[in-house]
């Protein structure tokens, strides 16, 4: 088993990405559970998680520590948030989800994970949950809508600690189906840069996700 990053308990085991299971014997999305030297790990499926896809495609600026505090925008049913929860065992993950149906599924995940805080909120209106959370080390955004970059930047300004980082998963077809993905990616990058954000890394998600780009950014104070 090989550890992939210095900061996080993310490993490669038999060509698969794995994280230590914070909730032993409990699956979140039907993933395989494996044992290594008496400790249980969960297979992290890159076709079910864009972050796993980005990591397998070489993302190397990811910093998630055991005590990190994370704000996750677009938590859905909790697939990727659950793996981040595995990593921040002494930290917290605030999971923002707008859909009541998805929130019901997310709540089932959070019941087994004390470091996950579910928030039924709209990520485009961060002032509504301004008093519900503290400053965080990482903001992760996977909200498939045309104004994704704008809501990401607003949440970054409100909730990110100094020297914190953000990860945004850009789905080109959710922004404009008439434009070529590469043009959309460049436009979104330009938005971020012009608003004072520094792009640390860009990672395409093929072959796991088509027409997606992951960007790791930080705010230039």
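The values are calculated or read from the model by the stated rules, or taken from the named source; none is laboratory data. These numbers were taken from a predicted model, which means no experiment stands behind them. All Cβ positions, glycine included, derive from the backbone under ideal geometry; neighbour counts span all protein chains shown.
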### Task
Just one of (1) closer than 30 Å to residue 33 by Cβ; (2) modelled with pLDDT of 95 or more; (3) surrounded by 18 or more Cβ atoms within 10 Å (Cβ to Cβ) trips up residue 171, so point out which.
(2)
### Query
Taking residue 3, is it at pLDDT below 95, surrounded by fewer than 15 Cβ atoms within 10 Å (Cβ to Cβ) and either in contact with a helix residue (DSSP H, G or I) (Cβ under 9 Å, 6 or more places away or on another chain) or farther than 15 Å from residue 115 by Cβ (or both)?
yes
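Results for (1) in contact with a helix residue (DSSP H, G or I) (Cβ under 9 Å, 6 or more places away or on another chain); (2) on the phi > 0 side of the Ramachandran plot; (3) surrounded by fewer than 24 Cβ atoms within 10 Å (Cβ to Cβ), shown as yes or no for each residue.
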| residue | (1), (2), (3) |
| --- | --- |
| 33 | no, no, yes |
| 51 | yes, no, no |
| 61 | no, no, yes |
| 72 | yes, no, no |
| 77 | yes, no, yes |
| 84 | yes, no, no |
### In the range 120-157, the residues that are in contact with a helix residue (DSSP H, G or I) (Cβ under 9 Å, 6 or more places away or on another chain), free of Cβ contacts under 8 Å to residues at least 40 places away in the same chain, surrounded by fewer than 16 Cβ atoms within 10 Å (Cβ to Cβ) and outside any loop (DSSP other than H, G, I, E, B)
127
### Message
I'd like to check something: does the range 103-111 contain any residue that is in contact with a helix residue (DSSP H, G or I) (Cβ under 8 Å, 6 or more places away or on another chain) and either under 16 Å from residue 68 (Cβ atoms) or assigned to a strand (DSSP E or B) (or both)?
### Response
no
